[in-house]
Structures are given as C-alpha cells and as structure tokens.
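Colleague: Sharing a structure, written as structure tokens. Questions coming.
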Amino acid sequence: GDVSKPCPYFCGREREIEQLHELLVKERKVFLHGIAGIGKSELVKAYAKKYKKSYRNILYIAYSGSLKNDITDLDFVDDLQEDSEEERFHKHNRFLRSLKEDTLLMIDNFNITAEKDNLLPIVMKYRCRVVFTTRSRFDNYVCMQLNEITEKETLLQLMSCYYSYAEEYHLILLQIIDI
C-alpha cells in the first residue's frame, strides 16, 4: 500500500527519527512500541519521508490481524485475475523475500502478541528493513519505545499548530504544560 504523509503538524521527534534510523541500519527489524495515540504511526511516516532517498522501495501495510492476508492483499503489477489467494500469497512472499536492505517495509498497528501471527517468523527472515508499530511488547526482538513529548518548547510549538493565540498566551500555555 501507499505510505500516507505524516500529519502536517508533526514536530519534536527528530531525535527519535534518528534513533529509529540507527536501529534499522544496525538491526534491520525494529518494533516501535508505545501507548495508543502517542504518535508511533506518525513517527514512522515522518521517518519514511525523511529517508525516502535511502530506499529503493517503501512498502506500507496497515495490519489487519493477519500478515498472510496482508501480504496476499498487496497489489503487484504481475498479479493475475485468475491467481488463487494461495498463489498470490506465494508470489508476493517470494517477491518480499527477494528484496534487499534498500527496501523498507512498514507494518502499522501490529497490536498482537508474537505467538498470535504464525507468519511473523517468516517476515523476520526477510532481508529488507522492517519497522512495526505496535502497542505490544516484543521482548525477543529489537524494540524502541516511544514516550510522550516532554520538552516544553516542542509542546508549545505543537499547541501553536492548533491554537492561533499560542504566541499571545505563551505564559498561560507554559503553566498548563507544567500542571
């Protein structure tokens, strides 16, 4: 699938983007985890935008609950109308296995435990770089935790995206942040 652009107000995660890049270069597979709504998907989209020149291909999967179905449902140029689901899966999986480190595969909202998707070990053998966003902990894999933004200036910058009087009420907003 296509990678949508990050939210236009995305800010304050430059350090995390660099940390994710270093982990992907070194480890090739990373589980980005954190609580719901903290910005995992947005961070990965911002990463893909910033590093798009580092990759020949960037593939995006919105996890549906089954990696097998998600891989089967990808659209490839050589897909034939008469292909069965099984043929389509094998063709797509073979293609994904052939991809090298210059491909980034993003699997968004992989919110299950490792044992619940029996295709995970196969995906983990792909040579391409894979980043999963998840609310789950994967202790046997390389993980990066995304925490809330705590820097006051970044929070003010974010507030000013949504509140046109942010500059005018700068001191009051700082008090709100401190609460």
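The values are calculated or read from the model by the stated rules, or taken from the named source; none is laboratory data. This is a predicted model, so every value here is computed, not measured. All Cβ positions, glycine included, derive from the backbone under ideal geometry; neighbour counts span all protein chains shown. In case anyone asks, the SASA skips ligands and DNA or RNA and just uses the protein heavy atoms, side chains included. Shrake-Rupley method; radii C 1.70, N 1.55, O 1.52, S 1.80 Å.
Colleague: Among the aspartates and glutamates, which fall within straight-line cross-link reach of LYS125, defined as a Cα-Cα distance under 13 Å, with same-chain neighbours fewer than 8 residues apart omitted?
Modeller: GLU27, GLU101
Colleague: Would you mind checking LYS26/LYS91; LYS26/LYS52; LYS53/LYS116; LYS40/LYS116; LYS49/LYS116; LYS29/LYS91 for any pair whose Cα atoms are more than 27 angstrom apart?
Modeller: Long pairs (Cα-Cα over 27 Å): LYS26/LYS91; LYS53/LYS116; LYS49/LYS116.
Colleague: According to a simple spin-label model (label point 7 Å from Cα along Cα-to-Cβ), what is the distance in nm between ASP79 and LYS52?
Modeller: 2.2 nm
Colleague: Continuing with this model, one more query. Counting only residues 5 or more places away or on other chains, whose amide H sits under 5 Å from the amide H of PHE31 once H atoms are built in the peptide plane?
Modeller: PHE132, VAL142, CYS143, MET144
Colleague: Quick check: residue separation of MET124 and ARG28 times 0.36 nm, minus the Cα distance between them. What number comes out in nm?
Modeller: 33.6 nm
Colleague: Full extension from GLN175 to SER64: what is 0.36 nm times the residue separation minus their Cα-Cα distance, to one decimal in nm?
Modeller: 35.8 nm
Colleague: Hand me the GluC sites (Glu not before Pro) from region 69-111 located in a DSSP loop with no more than 11 other Cβ atoms within 10 Å, in residue order please.
Modeller: GLU82
Colleague: Another question about this same structure. When all protein chains stay in place, what accessible area (Å², nearest 10, 1.4 Å probe) is found for LYS100?
Modeller: 120 Å²
Colleague: Which whole-angstrom value gives the distance between the alpha carbon centres of region 87-132 and region 60-82?
Modeller: First find each Cα centre; the distance between them is then 11 Å.
Colleague: Further, regarding this structure: Sort region 43-136 into rounded, prolate or oblate with this rule: let a ≥ b ≥ c be the square roots of the eigenvalues of the Cα gyration tensor; rounded if a/c is under 1.5, and if a/c is not under 1.5, prolate when a/b is larger than b/c, oblate otherwise.
Modeller: Verdict is oblate for region 43-136.
Colleague: Moving on. Would you mind calculating the gained length between VAL142 and SER164 on full extension (0.36 nm times residue separation, minus the Cα-Cα distance), in nm to one decimal?
Modeller: Contour length minus the Cα-Cα distance gives 3.9 nm.
Colleague: For HIS90 paired with LYS116, estimate the spin-label separation in nm (one decimal), with each label point 7 Å from Cα along the Cα-to-Cβ line.
Modeller: Going from the HIS90 label point to the LYS116 one covers 3.0 nm.
Colleague: What does the net charge come to around GLN145 if you take all other residues with beta carbon closer than 14 Å to its beta carbon, with K and R at +1 and D and E at -1?
Modeller: Charge balance in the 14 Å sphere: +2.
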